[in-house]
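Colleague: Questions regarding the structure given below will be posed in turn.
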Ligand code: C2E
Ligand code: MG
Ligand code: MG
Ligand code: MG
């Protein structure tokens, strides 16, 4: 920096400032995430999951949000990648797990047997304290392990190291359910499904969204549902936005649906209200 020529110095300064702005933004989010955890700025929105046979709400997916003091509600897509880079996803993920188990246990205490699905990050799956974290969340809340579901993505199973396989085996042995999120968008090697004794396939929103207008999406969705059933797995459709799509999925014998049409992610109370009704979304009626 000290002996740079004028032009070079300007160029250098330009890049230095640009990099600095980016680094500062990144750092402020990272330290912001740390602070957010300490100050309790995270919260969970729950999205209902609905049986396509009975129309009843059977559970909910826990989706984390950051209620930032200045920026307001920050969606996970804006901070999960930074949390993953910095490793903070580990304590944030543990908080989500603990809080989601506490909520599902509270529903159970109020007479509602609803499952709760929690998204895991690759980093969590690769740690040797994952089983202890899950065990603690279940013990602290008193939740029946059968009511907890962990969502993984196909890409997380590419690193099928002994540690990852062992974590999944031990989690399954506890009775916790395992589902594959965004199914159909990742890894095409399906051998892990049998090997890992997965319980559910969540058909990615990209196939479900245009199910009623795109022949390929309809064929893929039908094939995934058939495959799930022949392996004794539950088929879940994500991203159901209208009644027509819901009806098409029911005709395809899909088991469970989730999407804006059935309820946007929101406070736990909204799930509870829907769960107390017989067929709140008039499925098949
Ligand atoms: P995901 O697990 O696939 O969750 C579904 C996302 O689709 C959610 O976005 C949900 O709000 C949205 N969605 C649900 N129904 C519809 C619909 O009908 N139409 C459309 N257009 N979108 C719908 P959200 O809450 O922004 O979460 C995005 C992603 O962030 C999640 O995708 C998940 O991968 C990740 N995420 C959320 N919470 C956590 C968490 O606690 N831990 C980790 N590791 N990741 C999380
Ligand atoms: Mg998910
Ligand atoms: Mg998904
Ligand atoms: Mg998704």
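Every number here is computed from the coordinates shown, using simple stated rules; none is lab data. These numbers come from a predicted model, not from an experiment. Virtual Cβ from ideal backbone geometry, glycine too; neighbours counted across all protein chains shown.
Colleague: Would you pick out the residues in region 56-88 that are without any contact (Cβ under 8 Å) to a residue 60 or more places away in the chain and under 12 Å from residue 148 (Cα atoms)?
Modeller: 62
Colleague: Next question. Might you let me know whether region 186-195 holds any residue that is out of contact with any strand residue (DSSP E or B) (no Cβ under 8 Å at 6 or more places or on another chain) and within 16 Å of ligand 4 (Cβ to nearest atom)? Step through it out loud before you land on a result.
Modeller: Within region 186-195, the subset out of contact with any strand residue (DSSP E or B) (no Cβ under 8 Å at 6 or more places or on another chain) is 187-192, 194-195.
Next, from what is left, pick out any that are within 16 Å of ligand 4 (Cβ to nearest atom): 187.
There is at least one residue in region 186-195 that is out of contact with any strand residue (DSSP E or B) (no Cβ under 8 Å at 6 or more places or on another chain) and within 16 Å of ligand 4 (Cβ to nearest atom).
Residue-wise test of (1) crowded, with 22+ Cβ neighbours inside 10 Å; (2) in contact (Cβ under 8 Å) with a residue 40 or more places away in the chain.
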| site | (1), (2) |
| --- | --- |
| 90 | no, no |
| 150 | yes, no |
| 170 | no, no |
| 174 | no, yes |
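Colleague: Where in region 187-285 are there helices (runs of 4 or more DSSP H), lying fully within it, with 2 or more residues that are under 20 Å from the mean Cα position of the chain (by Cα) and on the phi < 0 side of the Ramachandran plot?
Modeller: Where helices (runs of 4 or more DSSP H) fall fully within region 187-285 and carry at least 2 residues being under 20 Å from the mean Cα position of the chain (by Cα) and on the phi < 0 side of the Ramachandran plot, they are 191-196, 205-209, 215-230, 268-275.
Yes or no, residue by residue, for (1) within 15 Å of ligand 3 (Cβ to nearest atom); (2) within 19 Å of residue 119 (Cα to Cα):
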{"site": "133", "(1), (2)": "no, yes"}
{"site": "158", "(1), (2)": "no, yes"}
{"site": "166", "(1), (2)": "no, yes"}
{"site": "185", "(1), (2)": "yes, yes"}
{"site": "209", "(1), (2)": "yes, no"}
{"site": "220", "(1), (2)": "no, no"}
{"site": "230", "(1), (2)": "no, no"}
{"site": "236", "(1), (2)": "yes, yes"}
{"site": "242", "(1), (2)": "no, no"}
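Colleague: If you take the residues in region 27-56 that are in contact with a strand residue (DSSP E or B) (Cβ under 6 Å, 6 or more places away or on another chain) and assigned to a loop (DSSP other than H, G, I, E, B), which one is farthest from residue 277 (Cα to Cα)?
Modeller: 41
Colleague: With the requirement that a residue be within 16 Å of ligand 2 (Cβ to nearest atom) and either in a loop (DSSP other than H, G, I, E, B) or loosely packed, with under 13 Cβ neighbours inside 10 Å (or both), what does region 155-168 give you? So that I can check it myself, show each step before the final result.
Modeller: First, pick out the residues of region 155-168 that are within 16 Å of ligand 2 (Cβ to nearest atom): 155-157.
The answer is 155, and nothing else.
Colleague: Just to check your reading of the model, which residue among 143, 152 is within 16 Å of ligand 3 (Cβ to nearest atom) and either assigned to a loop (DSSP other than H, G, I, E, B) or closer than 16 Å to residue 97 by Cβ (or both)? Explain how you work it out, then say what you get.
Modeller: Working: 143 fails: within 16 Å of ligand 3 (Cβ to nearest atom).
On inspection, the qualifying residue turns out to be 152.
Colleague: Hey, can you tell me all the residues within region 93-136 that are over 24 Å from residue 238 (Cα atoms) and crowded, with 22+ Cβ neighbours inside 10 Å?
Modeller: Of everything in region 93-136, those that are over 24 Å from residue 238 (Cα atoms) and crowded, with 22+ Cβ neighbours inside 10 Å turn out to be 130, 134.
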